[in-house]
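The structure appears below as C-alpha cells.
The values are calculated or read from the model by the stated rules, or taken from the named source; none is laboratory data. A quick note: this is a predicted structure, and the numbers were derived from the prediction, not measured. Cβ placement follows ideal geometry from the backbone for every residue including glycine, while neighbour counts extend to all protein chains displayed.
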C-alpha cells in the first residue's frame, strides 16, 4: 500500500509526542513542527529507517526577528543611486496570519522518499541566542555541507557535527549574514 | 632583458640618429606585445562562459594571437572575468604578482568593474581595480564575446602607445602612476 | 507583449547548417585547395631547380678550402657552418611548427587560427610571440633552486641540438657522418629528460615536481620500445648508419612499388606504428602529454618558467618532434627516395623534408584528436603491450632475414 | 591498459609504511586558479606519491550573498539575480524562483507560457550539457570536442538572442509567465537546430564517448553506488548516473511536463562515464521534448492576469523545485507580506553534489581528480551563490 502524506504525518506525530502538524505548512507539502531539539534524531531515524525517506534535501532556517536591517548591507538601500538626497523607501511589511516577528530561528529540514515520491518538511524553533541543534551527519552525509552552510550564514550550532567550520564566507567576516540583525563590519575591501 | 629595455633608451638618445633606432625598436616590441597577448586560463563567474565562447569557434580569439596559458608565469594578460569576492581577492592579487612584466589586466563585466548587481553585497569587492590596476574595463553583464574582443583591441591600441623612452619596461598602468597594488588595500 | 524575433539572425549570423550541406560548393574551399596544390608544386619545382643540397655543401667546402687557410681552420669553419645550419633548422622549426600547429588545430576546430599578425594568415604570429617572450621578465621563484632553475632549459635543449648531428635532411645530407648514428641519436635524446627532471625539481612547485617525476618515468620507459621497434629496420639495412638505411630503401619492386621499410609486410607496419607511438610518448605530446598535462598539473614541469627559459623548453619539444619526424621518414618512409619512379627528378632533400612534415602533421593531428592517458595506464601500455610486441616484431623480422626476404 | 580497480591500488596499500624509509605525504593545493577546477573551487589534496589520501574541497570563492541581497529586492528584481546562480543554464533558475513565487501569489500561468517555459528550459539543458561535454573533454585532455560543443551551443544562444536579446542571463521567465513570444521564424530556426544537433550528438559519441582512451580514463573511475548517491543527496544526472530513477520532471511534474513523452536515461555503475553518458542521452531526450512542445504549442496569453508590478504575496511559505540542468534546484521562499522575499533559500544542486567529492576522491590518482570533478559538472556560481 503506498504511503500518503497523512500517513507520514500520523506516524511522525505518533512517535514524537511533542511534535505537532505545523499551523502554516510549506505550501502543498506535509509539514511537522518538532517540539524540542531532542526530537530531531528520533524523527530522522524514523523517517530514514521505517518510512524510506533516505534523501535529505535541504537544511535551512529562517530568522524571524523582523524585517532586514539596512546596516547589513554595504551601502544603503537607496533606490536612486544617482541621487544622493533621495528618500529611502518606506519598509512596512505586515506580519500576516500565522506569522509574527519573534526572536527565534525556525529550522527547516526537508526529506524525500524517492520511491514513493513524497516529501516531508520538519520544523523546529530554536532561540536566537542559543541556537543548538543535533546534527544529522551520522544518518545523512548530505547534511554535512548544508549544516555547515547554515552555521556559516545563520549561526546555528549543530552539536556533534564533525567539522563545523565556515564554508562560504571569508575568514575575516564576522557575524552571520543571513541573520536579520547582521551588521556589516567594514573590511579593507570596502571603500 | 635589462639591456634592451633599460639601457637602450639612454644610449640611443645620446647617439646622434639614435632616435631612429629607438622608434624602430619600439615598433617591433609593440608589435610583439600586441599580437601575442596570452591570457591566463582563469574564469571567475558568468563572464568566464562568455570568455570561453570568445576562445571558441565562432569568435576565435586565436585570430588575434590570444591563446590561454594555464600558468601565470607565462601569461601576459589577466582577464578578470566575473565577480571578485572578498575571499577571492587575495588569490587574485597573488596571481597578479606571479605574472611577469609586462602584464595587463582587463576587467570584464559589471562585477569586475564596480560590483555590478552585487553592489551592496557583504562579500563582493566593488571592482577589481580596488585590488590590482586595470587597463581596460568592459561593460556588460556579461559582456558579449564581441565586447571582449573589442576590449582586447583597445588594449592592443594602448600597448602600441608604449614607448621605450617612457619606460616601457614596466607595465603601462605603473607608468601612469596608478597606486601600488601591494599597498592598495 | 512586444514581439521581436526572426529577422536578427537569418541575415547576419553564421549558422553551421549552411556549411554542413556541401562545403565543396563554396568557392573559397575550392580556391584554398588550388592554392595549396600550387604551393606544393611550386616548392617541388624550385627544389628541382636547386638540385641536391649535399652537392652545394661540397661546393661550399671546396670554396673554403680555396681561401688559403690552414686545414684546421677550415675544419673549424666548416663545423661552425654546419652547427649554424642545424641551429637554424631547430629555431626555424620552432617558429614554423608552432604556427602550423595553431593553424592546423584551428582548421580542425572550425576556426581560423592566427589571422592578424603579419597580415597574411598570421604568418608572423610566432615571430611576434618570440619578440614578446624575449622581452618578458625572467622570474625565478623564491622557492626555486636558482642555479638548477637557470640550468634546466639548457640541459634540456643542448642534447636536442646534439642529436641533430647525424640526422639526414636528404640522402647524404647530414651534419656529421656517424657509423652508429641511430645509437647516438637515441643516446642524446635520452639526456634531455635530465633537464626536465631538473626543471621539475628546481622550480619549488609541487605541480612541477609531479610533472618532472612523471616525465622521468615516462621518457625512460618509452626509450625501450622506441629503440626496439627500430631493430627490424636495422636488421634489414644491416647498419646503424642512417645513410645506409636510406640507401637500403632506394629502388622499386616491380619497377613502381617503392622498397620502403614501411611496406615490408606486417613487420614494417608494426615497427612503424610502435616507433610512432613511442616517439609521441618521448616528445610528451597528447595522448602521452602527462608531464605537462594542462588540465591536471597546470603546465607540469615548466609551470614556473617564464619568458625565454620557457621558450627553450618549447623549442626542445618541437625540436624532438622534428627529430622524430625525420627519423620516421628515414627509417620507414624511404628517406630521400621518391615514391614513384617518374618523380625522381625532385631532389632528395625535398622528399625527406616533405615526408618529415607529413609525419609532423600526424603528430599534430594526434594532439588535437585524442584525450590523455593516465600515468599508470601509460606505463601499463608501455610495459605490457608495446615492449613485448616490439620484441615479437624483432623475432618476426629475424624470420624475414633468415628466409632471405630482408 | 587495464582499467579495472585493483585491490592493491587501494589508498592504504600504496602508502609506504616501511620505517626505514622516511616518507611523507605531500599537500597539493589545487585552485582557486587552476585550469580545470571549473571556476574558483579550491581543493586541498594530500598525496602519497600520486595517490590521494585526503581531499578537502574549499568553496566560497564566488560567494556573492545572493540570498541576503534578495531580501531587499522586489520579486521581479530577484529574477535578475537568479540568472547568475547557475550561469550555464539560467532558465531553470528563473523558473524555480517564479514557480515558488507563483505558489505564494497564487497565480495561474497561461498554457502557452508554460509550453514556452518547457521549450526554453530544455534548450538550456542542451546548451548546458554541451558546455559540460566540451569542458569534460578538455579535462580528459581532448581539446577539440570543446570547440565543437561550443559551436553548436552558439546556435542555441542565437535562438535565445532572437527571443530575449541576451546570450547568457536571460531574465526571460517572469512572475506569471514569460517575457516574450516566439513566432514562426523562431520555430523554423529552432527546428533547423534540432535537426542539426541530432547527427552532431552521434558525432560526439564517435569522437569522445566511445574513444578507447576516454573510456579507459572514465569507466570504473569515481564510482558512486546507488545508496551512496542517495545518502549524499546527489541529484540530476549525477544521481541518475548511479541508477536511481529520480527526475523532478517525472516525480513532481511542473509546467505540464506530464504531457510530454520522454525517457529518463539511467546509468548502471555510477562511474564518471555513466554520468557523462547520462547527460549525452539527456540531450537527445531534450530534443524530443522540444520537438513535441513546438508541435503542439497552445496559443493564448503570455502572462497571468492580476499580478501587480510590485507584487506583495500574502504571508506564507512555499517550496518549489525543478529539474535544472545540474539537478534538483529547490527554492524555499518565505513572504511576510512585504514587497521583498522575507527569506529565500536555494537548494543548490551543485552545492550538494560537490560534497560527495571528499568521499570518492580518496584512493584516486591526481589525474582522476579532474576526471571525477569534471563528471560532477559543477558551476561555482551555484555552489557558492
Looking at the range B:41-59, which of its residues are under 24 Å from residue C:115 (Cβ atoms), facing chain D (nearest Cβ under 8 Å) and in a loop (DSSP other than H, G, I, E, B)? B:41, B:56, B:57, B:58
Looking only at residues that are outside any helix (DSSP H, G or I), at negative phi and touching a residue at least 40 places away in the same chain (Cβ under 8 Å) in the range B:121-136, which one is nearest to the chain's Cα centre (by Cα)? B:134
For residue A:160, work out the one condition from (1) modelled with pLDDT of 85 or more; (2) at negative phi; (3) in contact with a strand residue (DSSP E or B) (Cβ under 9 Å, 6 or more places away or on another chain); (4) surrounded by fewer than 17 Cβ atoms within 10 Å (Cβ to Cβ) it doesn't fulfil. (2)
Would you check if there is a residue in the range C:159-179 being closer than 15 Å to residue C:327 by Cα, surrounded by fewer than 22 Cβ atoms within 10 Å (Cβ to Cβ) and without any contact (Cβ under 8 Å) to a residue 60 or more places away in the chain? yes
Go through (1) surrounded by fewer than 18 Cβ atoms within 10 Å (Cβ to Cβ); (2) without any contact (Cβ under 8 Å) to a residue 24 or more places away in the chain; (3) assigned to a loop (DSSP other than H, G, I, E, B); (4) within 11 Å of chain B (Cβ to nearest Cβ) and name the single condition residue C:138 misses. (2)
Yes or no: residue D:138 more than 10 Å from chain C (Cβ to nearest Cβ) and either more than 16 Å from the chain's Cα centre (by Cα) or part of a helix (DSSP H, G or I) (or both)? no
Of all residues in the range B:60-74 being within 7 Å of another protein chain (Cβ to nearest Cβ) and free of Cβ contacts under 8 Å to residues at least 60 places away in the same chain, the one that is farthest from residue D:154 (Cα to Cα): B:73
Every residue from the range B:78-120 that is in contact (Cβ under 8 Å) with a residue 60 or more places away in the chain and surrounded by fewer than 21 Cβ atoms within 10 Å (Cβ to Cβ): B:93, B:96, B:97, B:101
With respect to residue C:152, determine if the residue is surrounded by fewer than 23 Cβ atoms within 10 Å (Cβ to Cβ), at pLDDT 85 or above and assigned to a helix (DSSP H, G or I). no
What number of residues within the range B:1-29 are at pLDDT 80 or above and at positive phi? 0
Does residue B:32 satisfy the condition of being under 23 Å from residue D:147 (Cα atoms), modelled with pLDDT of 85 or more and either within 7 Å of another protein chain (Cβ to nearest Cβ) or surrounded by fewer than 24 Cβ atoms within 10 Å (Cβ to Cβ) (or both)? no
Considering (1) within 30 Å of residue D:229 (Cβ to Cβ); (2) within 11 Å of chain D (Cβ to nearest Cβ); (3) at pLDDT 85 or above, say which one residue A:170 fails and leave the rest. (1)
Which numbered condition trips up residue D:167, out of (1) away from chain C (no Cβ under 11 Å); (2) in contact (Cβ under 8 Å) with a residue 12 or more places away in the chain? (2)
Among (1) more than 22 Å from residue B:79 (Cβ to Cβ); (2) at pLDDT 85 or above, the one test that residue D:88 misses: (1)
May I ask you to list the residues in the range D:22-53 that are away from chain C (no Cβ under 11 Å), over 26 Å from the mean Cα position of the chain (by Cα) and surrounded by fewer than 19 Cβ atoms within 10 Å (Cβ to Cβ)? D:22, D:23, D:24, D:25, D:46, D:48, D:53
Counting only residues that are touching a helix residue (DSSP H, G or I) at 6+ places or on another chain (Cβ under 7 Å), within 19 Å of residue A:106 (Cβ to Cβ) and either within 11 Å of chain D (Cβ to nearest Cβ) or buried (at least 21 other Cβ atoms within 10 Å of the Cβ) (or both), how many does the range A:118-134 have? 4
Sole exception among (1) free of Cβ contacts under 8 Å to residues at least 40 places away in the same chain; (2) buried (at least 21 other Cβ atoms within 10 Å of the Cβ) for residue D:337, by number: (2)
Residue D:154 fails exactly one of the following numbered conditions: (1) surrounded by 20 or more Cβ atoms within 10 Å (Cβ to Cβ); (2) part of a loop (DSSP other than H, G, I, E, B). What is the number of that condition? (2)
Out of curiosity, is residue D:177 in contact with a strand residue (DSSP E or B) (Cβ under 8 Å, 6 or more places away or on another chain) and more than 10 Å from chain C (Cβ to nearest Cβ)? no
Could you tell me whether residue D:331 is more than 30 Å from residue A:121 (Cα to Cα) and crowded, with 17+ Cβ neighbours inside 10 Å? no
Considering D:191, D:275, which residue is away from chain A (no Cβ under 14 Å), within 24 Å of residue D:120 (Cα to Cα) and within 21 Å of the chain's Cα centre (by Cα)? D:275
Could you check how many residues of the range C:240-258 are within 25 Å of residue C:177 (Cα to Cα) and surrounded by fewer than 18 Cβ atoms within 10 Å (Cβ to Cβ)? 4
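To keep it simple, each residue is scored yes or no on (1) closer than 30 Å to residue D:217 by Cα; (2) in a helix (DSSP H, G or I); (3) at the interface with another protein chain (Cβ under 10 Å from one of its Cβ atoms); (4) free of Cβ contacts under 8 Å to residues at least 24 places away in the same chain.
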position	(1), (2), (3), (4)
D:142	yes, no, yes, no
D:145	yes, yes, yes, no
D:160	no, yes, no, no
D:171	no, no, no, no
D:182	no, no, yes, no
D:186	no, yes, yes, no
D:204	yes, yes, no, no
Out of all the residues in the range C:213-226, is one or more buried (at least 24 other Cβ atoms within 10 Å of the Cβ), over 30 Å from residue C:295 (Cα atoms), touching a helix residue (DSSP H, G or I) at 6+ places or on another chain (Cβ under 6 Å) and in contact (Cβ under 8 Å) with a residue 12 or more places away in the chain? no
Out of (1) within 22 Å of the chain's Cα centre (by Cα); (2) in a loop (DSSP other than H, G, I, E, B); (3) touching a residue at least 60 places away in the same chain (Cβ under 8 Å), what's the single condition that is false for residue D:270? (3)
Being farther than 28 Å from residue D:149 by Cα, in a loop (DSSP other than H, G, I, E, B) and under 23 Å from the mean Cα position of the chain (by Cα) is the filter here; which residues of the range C:93-122 pass it? none
Selected residue [modelled with pLDDT of 85 or more, farther than 30 Å from residue D:117 by Cα, away from chain A (no Cβ under 11 Å) and buried (at least 24 other Cβ atoms within 10 Å of the Cβ)] from D:371, D:367, D:324: D:371
